[in-house]
1. Please count how many residues of region 172-181 are touching a helix residue (DSSP H, G or I) at 6+ places or on another chain (Cβ under 9 Å) and surrounded by fewer than 16 Cβ atoms within 10 Å (Cβ to Cβ).
2. Taking the options Ser14, Ser30, Ser58, name whichever one is outside any loop (DSSP other than H, G, I, E, B) and closer than 15 Å to Arg175 by Cβ.
3. In the list Val93, Val84, which residue meets the criterion of being without any contact (Cβ under 8 Å) to a residue 60 or more places away in the chain and among the hydrophobic types (A, V, I, L, M, F, W, C)?
4. Would you be able to say whether some residue in region 38-45 is in a helix (DSSP H, G or I) and buried (at least 17 other Cβ atoms within 10 Å of the Cβ)?
5. Tell me, yes or no, whether region 64-72 has at least one residue that is modelled with pLDDT under 95, loosely packed, with under 13 Cβ neighbours inside 10 Å and in a loop (DSSP other than H, G, I, E, B).
6. Name the one entry in Ala103, Ala114 that is more than 27 Å from His18 (Cα to Cα) and at pLDDT 95 or above.
7. Would you point out the residue of region 110-168, among those that are in contact with a strand residue (DSSP E or B) (Cβ under 6 Å, 6 or more places away or on another chain) and closer than 25 Å to Tyr98 by Cβ, that is surrounded by the fewest Cβ atoms within 10 Å (Cβ to Cβ)?
8. Looking at this structure, is Pro82 more than 12 Å from the chain's Cα centre (by Cα), of a type outside the set (A, V, I, L, M, F, W, C) and part of a loop (DSSP other than H, G, I, E, B)?
Amino acid sequence: MTATAARTRYAPVSIILHWGMLLLITAVYSCILLREYYPKGSDLREGLKSWHFMLGLSVLLLVIIRIIARLLSTKPPIKPEPPVWQMLLAQTVHFTLYAFMLAMPIAGWLILSAADKSIPFFGLELPALVAPDKVLSSQVKELHETIGTIGYFLIGLHALAALFHHYVVKDNTLRRMLLGKRSAR
């Protein structure tokens, strides 16, 4: 990649982490939605729930890596530069998405901990964050589900904004985050 291309696009690691996170979050949502098609207590339903937990905790790991990568790399400028209000809105949505990616896995971990259930993570069992407390588990579960619903709208807003910038405003907002050499034009 040339020095000019480096200034017009995110670092390859940031691009890979961004799209990897999209795939991971899609898998987390898919597991919890697909479980509804199987009878309670069935092996497949329980397996999908376990995958939801493990992939959700993977989101926590990946978002920490993303935050570190974001702090260590430079952000390429949007050309032409958007108005200040759009930049503030974009920063607010990005901050909210990062908060979502941190809060949801931690809430899930709290739910399992307070429900006195095992916390599976790819062959490991993670320690409980809190002592068993059915009331806390129920309260956090309700919050987790509500934030999960809000997450659909946040992710949709983020995607729509990228498409709006690409097709209507015709700036480089989306192209900065695309893989490949030709995406920097």
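1. Here is the first cut: in region 172-181, the ones touching a helix residue (DSSP H, G or I) at 6+ places or on another chain (Cβ under 9 Å) are 172-179, 181.
Still in the running and surrounded by fewer than 16 Cβ atoms within 10 Å (Cβ to Cβ): 179, 181.
The total comes to 2.
2. On the way: Ser30 fails: closer than 15 Å to Arg175 by Cβ; Ser58 fails: closer than 15 Å to Arg175 by Cβ.
Testing whether each residue is outside any loop (DSSP other than H, G, I, E, B) and closer than 15 Å to Arg175 by Cβ leaves just Ser14.
3. Numbers: Val93 fails: without any contact (Cβ under 8 Å) to a residue 60 or more places away in the chain.
Result of the check over Val93, Val84: Val84.
4. First, the residues of region 38-45 that are in a helix (DSSP H, G or I): 43-45.
Checking the rest, the ones that are also buried (at least 17 other Cβ atoms within 10 Å of the Cβ) come to none.
No, that holds for no residue.
5. First, pick out the residues of region 64-72 that are modelled with pLDDT under 95: 69-72.
Going one step further and asking which of them are loosely packed, with under 13 Cβ neighbours inside 10 Å, we end up with 71-72.
Imposing the further condition that a residue be in a loop (DSSP other than H, G, I, E, B) reduces the set to none.
Among the residues of region 64-72, not one is modelled with pLDDT under 95, loosely packed, with under 13 Cβ neighbours inside 10 Å and in a loop (DSSP other than H, G, I, E, B), which makes the answer no.
6. Details: Ala103 fails: more than 27 Å from His18 (Cα to Cα).
Matching residue, one of Ala103, Ala114: Ala114.
7. Step by step, filter region 110-168, then rank; the result is Leu126.
8. Working: more than 12 Å from the chain's Cα centre (by Cα): yes; of a type outside the set (A, V, I, L, M, F, W, C): yes; part of a loop (DSSP other than H, G, I, E, B): yes.
For Pro82, the condition - more than 12 Å from the chain's Cα centre (by Cα), of a type outside the set (A, V, I, L, M, F, W, C) and part of a loop (DSSP other than H, G, I, E, B) - is met.
The values are calculated or read from the model by the stated rules, or taken from the named source; none is laboratory data. All values derive from a computational prediction rather than experimental measurement. Counting neighbours? That spans all protein chains shown, and the Cβs are built from the backbone with ideal geometry, glycine included.
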